[in-house]
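Read through the structure below, which is laid out as structure tokens, and then see the notes.
The values are calculated or read from the model by the stated rules, or taken from the named source; none is laboratory data. In this text, all values refer to a predicted model and were calculated from it rather than measured experimentally. Every residue, glycine among them, receives a Cβ derived from its backbone with ideal geometry; neighbour counts consider all protein chains shown.
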Amino acid sequence: MSAPLKITNLVKDYIGIRAVDDVTFEVKPGEVFGLLGPNGAGKTTIISTITTLEKPTQGRVEVFGVDVTREPKKAKSFFGVVPQEIVHQGFFNIREILQIYSGFHGILNNEEQIEYLLEKLDLKNYSGRMVKQLSGGMKRRLMIAKALVHKPKLLLLDEPTAGVDIELRHSLWEFVEELRRGGITILLTTHYLEEAEKLCDRVGIIHKGKFVKIGPTKELVRELTDRQIRLELKDGTVQTYAIPSQQKIGDFFVKHNVAVEKISDIQIEEGSLEQAFQRLINHD
Ligand SMILES: Nc1ncnc2c1ncn2[C@@H]1O[C@H](COP(=O)(O)OP(=O)(O)O)[C@@H](O)[C@H]1O
Ligand SMILES: [Mg+2]
């Protein structure tokens, strides 16, 4: 089977700036892949080339083997996108919008999927409301429902939880997990490292249009961070150590000749994706 998403040597130039600079990566079936980077790194531009909003300057974007530039219509049937910026549609209510979007995709009787999405995204009680009557969080949930009306096999989420309150953020994370269990492949961009660490099987870290690192989330953390160890001794002194995340505590004790009978307490703080990210991005 072709990869849900394959991007090869992608370059995107705007006037005066190379927003995406020779990016190559693949998203595998069923995985949640995170595109991480600071503001202006090029994340949204990559999403825009996938959705054909922007044309690649160089390189190729394929969705399930379909070149998005050559066969945009076919490619679009495979993916759904939740853009970073909320788009307003003033004249229709939530249910009508979802029906209209189903129509765009050539699906006529889509009530079952629409009901499922209204239910799952907690929009059922508001389905008669116009967009202008919705809160920010409801609008965001509507955008997600819109992206899923045609049951895409690939979902693109551009900063899905930016500006969203904690409760909604957590329920969106749960929904992403549920979608993943249902077999959908997900590409998400975020600058919340905690979100990426929680959700993503693999991440690509992008800076100034270039990938600086790509790999399984846990492996990146292990490779690029330390564990902080704080020993409280019975005589009241405190010792702190930073050891490589790969190193086992037992080996650390042996190496440093730590006498267990002298210890009153131990605290261990594991490395985070946030720390790995800082190490990579501040290195240049
Ligand atoms: N339509 C555009 N015209 C010109 N420059 C753009 C346009 N869109 C984005 N850029 C520039 O491209 C770079 C990458 O932007 P973007 O992809 O939005 O980054 P991110 O989503 O990672 O924050 C930034 O320097 C941004 O200013
Ligand atoms: Mg962006």
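Checking the structure you have, find out if any residue of the stretch 216-237 is more than 22 Å from ASP201 (Cα to Cα), surrounded by fewer than 14 Cβ atoms within 10 Å (Cβ to Cβ), touching a Leu at 6+ places or on another chain (Cβ under 7 Å) and not aromatic (Phe, Trp, Tyr).
Checked the stretch 216-237: no residue is more than 22 Å from ASP201 (Cα to Cα), surrounded by fewer than 14 Cβ atoms within 10 Å (Cβ to Cβ), touching a Leu at 6+ places or on another chain (Cβ under 7 Å) and not aromatic (Phe, Trp, Tyr).
If you check PRO160 against the conditions, is it within 16 Å of ligand 2 (Cβ to nearest atom) and either under 21 Å from THR44 (Cβ atoms) or not assigned by TED's automatic domain parsing to the domain that holds GLY42 (or both)?
yes
Can VAL11 be described as in contact (Cβ under 8 Å) with a residue 60 or more places away in the chain, closer than 20 Å to ALA75 by Cα and either within 10 Å of ligand 1 (Cβ to nearest atom) or surrounded by 14 or more Cβ atoms within 10 Å (Cβ to Cβ) (or both)?
no
Go through the stretch 161-172 residue by residue and tally those that are in contact with a helix residue (DSSP H, G or I) (Cβ under 6 Å, 6 or more places away or on another chain) and closer than 22 Å to LEU5 by Cβ.
Residues flagged as in contact with a helix residue (DSSP H, G or I) (Cβ under 6 Å, 6 or more places away or on another chain) and closer than 22 Å to LEU5 by Cβ within the stretch 161-172 amount to 1.
Can you list the strands (runs of 3 or more DSSP E) lying wholly within the stretch 1-89 that have 3 or more residues being among the β-branched types (Val, Ile, Thr)?
The strands (runs of 3 or more DSSP E) meeting that bar are 5-14, 17-27.
Could you go through the stretch 27-34 and let me know if any residue there is over 18 Å from LEU154 (Cα atoms) and at pLDDT 95 or above.
So far as the stretch 27-34 goes, no, none of its residues is over 18 Å from LEU154 (Cα atoms) and at pLDDT 95 or above.
Cβ-Cβ distance below 7 Å, separation of 6 or more or different chains: which pairs start in the stretch 217-229 with a residue that is in contact (Cβ under 8 Å) with a residue 60 or more places away in the chain and end on one that is among the acidic types (Asp, Glu)?
THR217/GLU197; THR217/ASP201
Give the residue, chosen from LYS213, LYS262, LYS234, that is of a type in the set (Lys, Arg), in contact (Cβ under 8 Å) with a residue 60 or more places away in the chain and more than 30 Å from LEU117 (Cβ to Cβ).
LYS213
If GLY16 meets every condition in (1) over 25 Å from LEU193 (Cα atoms); (2) touching a residue at least 24 places away in the same chain (Cβ under 8 Å); (3) within 16 Å of ligand 1 (Cβ to nearest atom) apart from one, which number is that one?
Condition not satisfied by GLY16: (2).
From the list ASP165, ASP158, pick out the single residue that is modelled with pLDDT of 95 or more, at negative phi and among the acidic types (Asp, Glu).
Unique residue meeting the criteria: ASP158.
Just give me the residues in the stretch 173-217 being farther than 27 Å from HIS150 by Cβ, among the hydroxyl-bearing types (Ser, Thr, Tyr) and within 10 Å of the chain's Cα centre (by Cα), in sequence order.
TYR192
Residues are listed down the side, and each one gets a yes or a no for (1) over 21 Å from THR190 (Cβ atoms); (2) surrounded by fewer than 18 Cβ atoms within 10 Å (Cβ to Cβ); (3) among the acidic types (Asp, Glu); (4) out of contact with any Cys (no Cβ under 6 Å at 6 or more places or on another chain):
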residue: GLU111; (1), (2), (3), (4): yes, yes, yes, yes
residue: LEU121; (1), (2), (3), (4): no, no, no, yes
residue: ASN125; (1), (2), (3), (4): yes, yes, no, yes
residue: ARG129; (1), (2), (3), (4): yes, yes, no, yes
residue: LYS132; (1), (2), (3), (4): yes, yes, no, yes
residue: GLY136; (1), (2), (3), (4): no, yes, no, yes
residue: ALA147; (1), (2), (3), (4): no, no, no, yes
residue: LEU155; (1), (2), (3), (4): no, no, no, yes
residue: TRP173; (1), (2), (3), (4): no, yes, no, yes
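Please find, among GLU159, GLU111, GLU195, GLU178, the residue that is free of Cβ contacts under 8 Å to residues at least 12 places away in the same chain and charged (D, E, K, R).
GLU111
Only one of GLY42, GLY65, GLY30, GLY59 is buried (at least 16 other Cβ atoms within 10 Å of the Cβ) and away from ligand 2 (no atom under 16 Å from the Cβ). Can you tell me which?
Only one candidate passes the filter, namely GLY59.
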